[in-house]
Amino acid sequence: MSRLRLSSFLALLLAALPGIAASPPSSLTFSTDTKPLTVHFFDVGQGDAALIISPSGKTVLIDGGPPEARERLAARLRTLVTGPLDLAILTHPHLDHLGGLTAALRAVGAKRFMDPGFNHPSEAYKDLLGFVGDSVGQVMNPEPNPATPDSLLTIGLGEGVSLTVLWPRAPREPFLTGTRSDANSNSIVAKLTYGKTSFLLVGDAEPDTEAALLQRPLDLTATVLKVAHHGGRHSSTAAFLAAAKPQAAVISVGAKNDYGHPARETLERLDAVGAHVLRTDRDGEVIAASDGHSVTLRGNGGTGTLLVVPGNLKPGPIALGPVVPNPSRTQRGTVASVEPRNEDRDTSPDPTPPGERGTAASAGSSGPYVGLKNSKVFHRETCSTLKRSKSERTLYLNREAALRERRPAEDCHP
Ligand SMILES: [Zn+2]
Ligand SMILES: [Zn+2]
């Protein structure tokens, strides 16, 4: 096992160095046979935007940077992505994360969109939702499957790669309120895993988010941590970093920004847990490639930093027990896939006939149901997605009528 790890470790390192990768000895070619899982942390100035490309070519964009970065981001996506994104995630409705998202979606398209479903009054957010409602087929919230409410929502990206949403879990668990920034605190926190390697992508999570995650039975281990809130001083608490044990940390931050990000205290806390830090303000776009054993990170500009860190993820589920304490239940992760649409939320066989699914899941499922213009799905009338959309609606009095024209939405499972 250690031989395999060592050779793949070397092969990746060699592959990253031009000139040396041309003639690797045959014993070191392991990683060239398998496509890596790649995460691009774009240099968007003061904001966040990252693209996941799975070994099988699935693409997930997480955030779209600030408005100033929109052209650069769109151009970069056009070079990296062919066809629509499998999923676009907005971690939370702040302008430094959503400002370039519409341009990004216009540039390459997206099959699905997910955001926390946390209301925000800004025009920019309303405009984005309007655009998404008109142009993206599926709009989802990261809520757990009602059939397995104590498990986490996991999105399969093929080849054993999965993206698991750790927070938020509304309506199963209420949004965090009364925090420094409730929009930040309810950022989508997701863990991307591949073999022994993992990426913890935390948006602008606040200390309250970190405390909530620490209270839950979760494996927070991260080979690479996308540092919360551009390295702001409140987030990345010592307790959270002790649990995450990041080998490398990526800070998405603008050069000479007005906020003093990243904070000296945060850099010290990262240093104290042995995390090697890469920063988009100094290293440019940071590209991280995992072969399932180790992660190679390099800056695409500036310093030319190259770093290889070993995977530190133990095998096993991310949820170490029921996520909402309830000892009478047993827990298993909910596995979804971005490939077959009917299996989006759950690959386990569903014993309930299609017409009765809603009644088993929750009350109020007998209708009416609502479809939004330019969307192929229908929602429960109470779904929060409807409250956030300005699009024209079609009302269906029963599920059968809705099913004749549309398929059930993934957020409310009508
Ligand atoms: Zn924010
Ligand atoms: Zn931010």
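Summarising the amide proton neighbourhood of S294: residues at separation of 5 or more, or on other chains, whose placed amide H is nearer than 5 Å comprise G311.
Hey, with R₀ at 56 Å, roughly what FRET efficiency would T394 and K256 work out to, going by the Cβ-Cβ distance, to 0.05?
0.65
In region 145-280, what % of DSSP beta bridges are antiparallel (nearest 5)?
60 percent
Taking 0.36 nm per residue of separation and subtracting the Cα-Cα distance, what length does fully extending R264 through T382 add? Display every interim value, and only then the final one.
Numbers: separation 118, 0.36 × 118 = 42.48 nm, distance 4.55 nm.
Using 0.36 nm per residue and subtracting the Cα-Cα distance, I get 37.9 nm.
Kindly state, to the nearest 0.05, the FRET efficiency for R233 paired with L80, given R0 = 35 Å and r defined as their beta-carbon distance. Efficiency computed from Cβ-Cβ geometry: 0.60.
Place +1 on the Cβ of every Lys and Arg and -1 on the Cβ of every Asp and Glu in region 37-310, take the dipole about the Cα centre, and give the residue among G64, S181, I155 whose Cα lies farthest towards its positive end. Result: I155. Proximity of backbone amide H atoms, modeled 1.01 Å from N, is registered between A249 and L225, H276, V277, L278 at under 5 Å, excluding neighbours fewer than 5 places apart on the same chain.
Database remark: amide H of L166 closer than 5 angstrom to the amide H of V189, A190, K191 (H placed geometrically; neighbours at sequence offset of 5 or more, or on other chains; Pro and chain starts carry no H). Here the calculated FRET efficiency for K245 and E405, from their Cβ-Cβ distance with R0 = 56 Å, stands at 0.70, rounded to the nearest 0.05.
Lys and Arg at +1, Asp and Glu at -1: add these up for the other residues within a Cβ distance under 12 Å of L218 and post the number. Mind showing how you got there, number by number?
On the way: positive: R169, K191, R216; negative: E210, D219.
Taking every Cβ under 12 Å from that of L218, the sum is +1.
Provide the net charge surrounding T179, with neighbours chosen by a C-beta distance below 12 Å and charges set as Lys +1, Arg +1, Asp -1, Glu -1. Numbers along the way, then the final one.
Details: positive: R180; negative: D182, D204, E206, D208, E210.
After counting each charged neighbour, the total is -4.
Roughly how many nanometres apart are two label points built 7 Å out from the Cα toward the Cβ at L306 and N374? Those two pseudo-labels are separated by 4.6 nm.
Computed 3J(HN,Hα) for region 402-413, one whole-Hz value per residue from the Karplus formula 6.51 cos²θ - 1.76 cosθ + 1.60 where θ = phi - 60°, is 5, 5, 5, 10, 9, 10, x, 6, 7, 7, 10, 6, glycine and proline marked x.
Bear in mind these aren't lab numbers, they're just calculated from the coordinates by the rules spelled out. Fair warning: this is a prediction, and the values are worked out from it, not measured in the lab. We place every Cβ from the backbone using ideal geometry, glycine too, and count neighbours over all the protein chains shown.
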